[in-house]
Amino acid sequence: MGSNDKPDRGTALGARLKFLREQWQQSVHDVCSTLEIDEKTLKAFESGSLMPSPEVLDMLINHFLLTEDQAQDLRELAEDQREDGQDNLSSAMEDMLTKQLVMFMPVDSRVVYTDSMQATINDNGVVLQFMQQAGNPNGQAVPVSKVGMSRMHAEKVIEVLQNTLRHHDEQGQKKLSSPDNKQS
């Protein structure tokens, strides 16, 4: 490869995004339907012909469960693409390719109970921020968890919650009987 054959910044970012998608064994359609982005747009990101906005890049980072270091590396590649004239691609690309990809699969079964929740929505999806007031000396609610999802996924979550609550209520009524109606 000659000195003029270096991949450009967009190609480096795109190659990394494609690598992550393939590591997760997901199709373009899978990622796009989850994040509610157009398939042509994701293909353009992966080819390097289009750069994702910072918001979409954050959605991709969250989707692939990147560690903070991996997320920072991806943001730096995006920043490199934005800044014309800087020639630190080769070292950034080398760093990216030599770092081990670690997939984080949460196995923590603890439950965090919350007092309140805030929901925000934009064209990219829904973000739920769960908060807890208990134990905070200021009396202010502090975030304990933040979950992002596509609009389609949020609608499914609502449906599942409604069905689960309805099922619980129906089961609860059947199980609660008066002492006079005990079965033998």
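The values are calculated or read from the model by the stated rules, or taken from the named source; none is laboratory data. What you are looking at is a predicted structure, and each value in this text was computed from that prediction instead of being measured. Positions of Cβ are backbone-derived with ideal geometry, glycine not excepted, and every protein chain shown enters the neighbour counts.
Here are a few things to note about the model shown:
- Across the range 23-71, the number of residues qualifying as surrounded by fewer than 19 Cβ atoms within 10 Å (Cβ to Cβ), assigned to a loop (DSSP other than H, G, I, E, B) and of a type outside the set (D, E, K, R) comes to 10.
- Within the option set LEU35, LEU57, being under 24 Å from SER150 (Cβ atoms) and at pLDDT below 85 holds for one residue only, LEU35.
- Residue list for the range 147-170, filter: in contact with a helix residue (DSSP H, G or I) (Cβ under 8 Å, 6 or more places away or on another chain) and either assigned by TED's automatic domain parsing to the domain that holds LEU60 or assigned to a helix (DSSP H, G or I) (or both): MET152, HIS153
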